[in-house]
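Data first, discussion second: the structure below is written as C-alpha cells.
Any read-out appearing in this document is the output of simple, stated calculations on the displayed coordinates, not a laboratory observation. All figures in this text were calculated on a predicted structure; none of them were measured in a lab. Note that each Cβ is placed from the backbone with ideal geometry, even for glycine, and that neighbours are counted across all protein chains shown.
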Amino acid sequence: MLKTLSYLGAAVAYTLSVAAPASAAYTGDPELDANEFLFPGQRLFAGACDFDLVMQGDGNLVAYDIYYNHAVFATNTVNKGGYVAMQGDGNFVMYNWSDKAVWSTNTQNHPGAFVYLDFNGAVFVLDKNWNTLWWAGGSAGYNYTCNMPPSKTYVTNNTDRFGGDYADLVPTQSRPSWCGYFCSQDSQCKAYTYVPPGVKDASPHCFLKNVVHDTSPAQGMVSGRITG
C-alpha cells in the first residue's frame, strides 16, 4: 500500500518508529567522510563514547559531553536545519528540508576532506593529509562504555539499489533528502533508493530496503545505506 507523505513547516511530517538502542558495547566512529550524511537522530561518537555529535530533530547539530550531559559545540540552527552532508568538495554543509544551505564550514576546494570528532569533543574538518581546515568546540572528557551505536548515511547519486524493498513511499516533493530522512527514522531500514518522477510514474518514489545490495548506474536516482 502506498503512503502519501506531507511536508509541514521545518520538518518532514511522516516519521517511523525507531527501536530502542541495543545494550551491547560499541566502539566509537568519529569520522564523517565524503558523501556521508547525518539525518535527524544519527550521530558520531568519539573514542569510547565520551562525546557524540548528533543531528537533532530540532535542526541543530550539537556535540555533547556525555559524561556531564552538556553541549560543547552547536551550529545554533534550531528550526532552520534539516540534515548535514560532508560533501565531496570538502565542504561540511547543513541543509534545510528545501535543500537550501543554512550553515557551512566554507572548506570547499579540498576533495577528500572529512569531519572528525576528537576525544575532547572538538569538531574538525581535516584535509586528506589530516591538516586542519576548520574546527570548533571542545571540553574535558571521561572514558566509559558506549551503549549506543554510531549511525550515519552514505549517499551516492545516479545509482539504483535492487532488492530488499519493504516500503514504497510517495513524497509530496521531489527531494532525495526526504528519502534519506525516512530511512534514518525506521529501525528496519538498512538502505533506500529515491526514484524521480517519470521513471515509475508521474510521482517521486522512495523505496526503503531491509537488506543492502550492490548499486548499479541509474541516471537521476539516489541511493543510500545506513552505516555505523
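What the table below lists for this structure:
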quantity: Dipole magnitude of the stretch 31-136 about its Cα centre (Cβ charges: Lys, Arg +1; Asp, Glu -1), debye to nearest 20; calculated: 260 debye
quantity: Label zone at Ala101, where the point sits 7 Å out along the Cα-to-Cβ direction: the stretch 30-44 residues whose backbone N lies under 19 Å; calculated: 32-39
quantity: Neighbour net charge for Lys209 - beta-carbon separation under 15 angstrom, K R +1, D E -1; calculated: -2
quantity: HN-Hα J in Hz across the stretch 219-227 - Karplus 6.51, -1.76, 1.60, θ = phi - 60°, x for Gly and Pro; calculated: 4, x, 7, 10, 10, x, 9, 6, 10
quantity: log10 of Debye I(q)/I(0), alpha-carbon scatterers only, for the stretch 31-136 at 0.12, 0.24 Å⁻¹; calculated: -0.35, -1.36
quantity: Gain upon complete extension [Val78, Gln219; 0.36 nm per residue less C-alpha separation]; calculated: 47.3 nm
quantity: Reach of Lys80 by Cα under 13 Å, taken over aspartates and glutamates that are not fewer than 8 positions away in the same chain; calculated: Asp58, Asp99
